[in-house]
Amino acid sequence: MPFDTEQDKRIFYGRRQGRRLRKEHRRLITETLPTLTIDLETDLSDPARLFKTKPTSVWLEIGFGGGEHLATQAAAHPGIGFIGCDPFLNGVARLLGEIETNSLSNIRIFTDDARLVLDALPEASIDRCFILFPDPWPKRRHQRRRIISPKTLSAIARVLTDGALLRMASDHRDYIRWMLFHTLGHDAFEWLARKPADWRQRPADGPMTRYEEKAAERGVDSIYLEFQRRRRQ
C-alpha cells in the first residue's frame, strides 16, 4: 500500500546533508538514485516486487550510514533483497558509489524516516533487520529522539517474520542499556546471547562500519545485540 502522508508524518531530527557533495556523488544522486529509490508513492504491499529478480527474502537496514555494511551484505547475498533507510544524503551518495562499483542490483533506498517504511510494509514481510550505530542522542532531554523505542520496536515486530533476526550495535554504553531495557521488555523479542562473547564480538558476517572504526580509534569497544522475533501466538 502507498504511504499515507497525512497519517504517517514524522518529525525528523538530525542532518540531511553534511559537506558539499563531490561531482561524482552529485551524478550518482541525479542519475542512479531515482532508479533505486522508494518514495511516498511506492507500493510496498509485496516488497519482493521492488526487485527485478524476485528475492528469496527481504532484509531491512535502518540507518545505513555510509552504506559499508549494507553493500557488503548485498554482495554476499545476491539472492536476498535489501531495503536501506537513511535520510543523510552524503551517506546515500557513498552507498550509491558502492552499488555502482560492485554492480549490486538487490538494494533499494528510502531517504526519509524509516518509520514510514515500517508502517507501509505488510506484516511478516521482513526476514532480518539491522540497526547499527544509530545516533545515541546522549543528552537526557533528547532521548525521545532515539530510534529504539517501544513504538518502533512494535512496528519492527509487526513486519518481521517469526524467527527473524533483529541485530543492533552501538559503542555508546547508555544507549546499549536503553536498547536492552526496551527490547528485553518487549514480548515479541528474545535475546540470543548465551555468553559474553555473544555481545562483545562483532558477528562473523558483519563487516566493520566507519562508526565502529571511529569508536575503536577512541579506544571504545562496541557492543552487538541480537534478538529473535518470537513466534506469533
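Can you find a residue that is surrounded by 18 or more Cβ atoms within 10 Å (Cβ to Cβ) and among the aromatic types (Phe, Trp, Tyr) anywhere in the range 49-56? No.
Taken together, the residues in the range 41-89 that are farther than 11 Å from ILE109 by Cβ, touching an Asp or Glu at 6+ places or on another chain (Cβ under 8 Å) and assigned to a loop (DSSP other than H, G, I, E, B) amount to 2.
Cβ-Cβ contacts under 6 Å between residues 6 or more apart (or on different chains), taken from a first residue in the range 11-35 that is basic (Lys, Arg) to a second residue that is modelled with pLDDT of 80 or more and assigned to a loop (DSSP other than H, G, I, E, B), are listed as ARG16/PRO87. The listed residues are ILE156, ILE147, and the only one of them that is in contact with a Gly (Cβ under 9 Å, 6 or more places away or on another chain), in contact (Cβ under 8 Å) with a residue 12 or more places away in the chain and either within 23 Å of GLY84 (Cβ to Cβ) or of a type in the set (S, T, N, Q) (or both) turns out to be ILE147. Evaluated against (1) surrounded by 17 or more Cβ atoms within 10 Å (Cβ to Cβ); (2) at pLDDT 95 or above, ALA76 falls short on exactly one condition, (1). Scanning the range 194-217 turns up no residue that is within 13 Å of ILE131 (Cβ to Cβ), at pLDDT 95 or above and crowded, with 17+ Cβ neighbours inside 10 Å.
Within the range 190-233, restricting attention to residues that are in a loop (DSSP other than H, G, I, E, B) and under 19 Å from TRP178 (Cα atoms), the residue that is nearest to the chain's Cα centre (by Cα) is SER222.
When the range 163-176 is filtered for residues that are more than 16 Å from the chain's Cα centre (by Cα) and either under 17 Å from THR152 (Cβ atoms) or surrounded by 18 or more Cβ atoms within 10 Å (Cβ to Cβ) (or both), the ones remaining, listed by number, are ASP171, HIS172, TYR175, ILE176.
Quickly run through the range 145-196 and pick out the residues that are polar (S, T, N, Q) and under 19 Å from GLU212 (Cβ atoms). Residue satisfying the conditions is SER170 alone.
The values are calculated or read from the model by the stated rules, or taken from the named source; none is laboratory data. Nothing here was measured: the structure is a model prediction, and the numbers come from that model. With ideal geometry, Cβ positions are generated from the backbone for all residues, glycine too; neighbour counts draw on all protein chains shown.
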